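Everything on this sheet refers to the single structure shown next.
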Amino acid sequence: MIQTAEAKQVCRAASTVLFPELEFGVKPCGKYTREDFQEILSRIAFDQEFANTDGKTLQLDRDEHVDITATARNSLAKSLLYHLRNLSTDAITDQFDGVRDRVFEVLRSQRRLPAFVDVAIDLHEWRFYGSADTDHVLTTYPDLGTNKAFCFATLCIVAPRTRFTLAVVPMDANGFRAKREAVRSLLETAKQYVSIRYVYLDRGFYQVHVVAELEQQDVEYIVRARPSSGMKDRLSAGAETVADEYTMQRKRKPTASVDVTVFAVPHRTSEDEHVWFVTNLDVDSSTARAYAAAFRRRWGIETSYRQLGDFLPRTSSPTFSVRLFYFLFAVSLYNLWVLANVLASAETVPETPQISTRIFRRFVLSTDYG
């Protein structure tokens, strides 16, 4: 069992990986300091709150005069958002790339990285309620009262309790070209930090050009498929599983084709239904169930998304630099929470997270940002 003092120590140690990397372009004569921005960012991330609300509460905690009835934006929040809007995309990603580098330096120094990891690639949609013409906003399926969203492709380790998010790519489009480029970028980044065993992708990536990119990246993959009639014809009457050679094709320009293995296993809850996959692994009818069970580890990324939400500030800003900074800040806090749990455990892979996100919040918020 981890002791309180030890938990506090590893949480604060994890936070020191993040804050030194953050820069906002604050001038020496500015009203607010870099440390002020770091503190309000931490608050809005852990509270999942707007900057305007937590800017007021932070100033109240400091016994500063605040007009809590004012409808105008709080001065601290206004200054934070002004500085974030003026950061370039490259400046933002460079900062958080530095955070990731430091996280993995710690993992390597502590010998806490597995020799090989399974990873999953998926899309994270941050719903948006403004104009569809806003830069970087995509049209997607309706949910939560809107069909618009900022979208980020992510690559995550799906092994239990080491579900680090290794790479993030903002999506500017949702067609196969954008997805292929995202897969390429995510895998090339991930290979710099870990040795990949299998890559899992859901049906949103079931496109011949994406699978062709997986082949070019020389990785072993399993992709959830949308079954065609040609696939279904391979499942003989009464058969529980099927595994067969298959060629994915796109006949319209730009044309493409990829030779894969298609396999199917019975759906776990729906009778007379099957779940279909394509892969470059050596799968037959006797091993199909085992590979389908391995793919279910991909659901670790869904758990990661839920826990990532524990660190994502609220905002109505249409400015992409603000959204990008907030999302990468949330990813970094999530990774640091995972890191704190790894460091707090004597095991290479702790059985369960010993430090909850709420406890992590308490210890990080008590950090001296100066």
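The values are calculated or read from the model by the stated rules, or taken from the named source; none is laboratory data. As the structure is a computational prediction, the values presented were derived from the model and not from experiment. Please note: Cβ atoms are built from the backbone with ideal geometry, for glycine as well, and neighbour counts cover all protein chains shown.
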Quick check: anything in region 74-95 exposed (fewer than 13 other Cβ atoms within 10 Å of the Cβ), aliphatic (A, V, I, L, M) and either over 30 Å from THR189 (Cα atoms) or touching a Cys at 6+ places or on another chain (Cβ under 7 Å) (or both)?
no
Restricting attention to helices (runs of 4 or more DSSP H) lying wholly within region 255-370, give those where 3 or more residues are touching a Lys or Arg at 6+ places or on another chain (Cβ under 6 Å) and modelled with pLDDT under 80.
none
Count, please, the residues in region 170-203 that happen to be more than 23 Å from LYS253 (Cβ to Cβ) and of a type in the set (Asp, Glu).
2
Residue within region 130-148 that is closer than 21 Å to VAL103 by Cα, among the β-branched types (Val, Ile, Thr) and assigned to a strand (DSSP E or B) present:
no
Of the residues in region 54-73 that are under 30 Å from PRO170 (Cα atoms) and without any contact (Cβ under 8 Å) to a residue 24 or more places away in the chain, the one that is surrounded by the most Cβ atoms within 10 Å (Cβ to Cβ) is ASP54
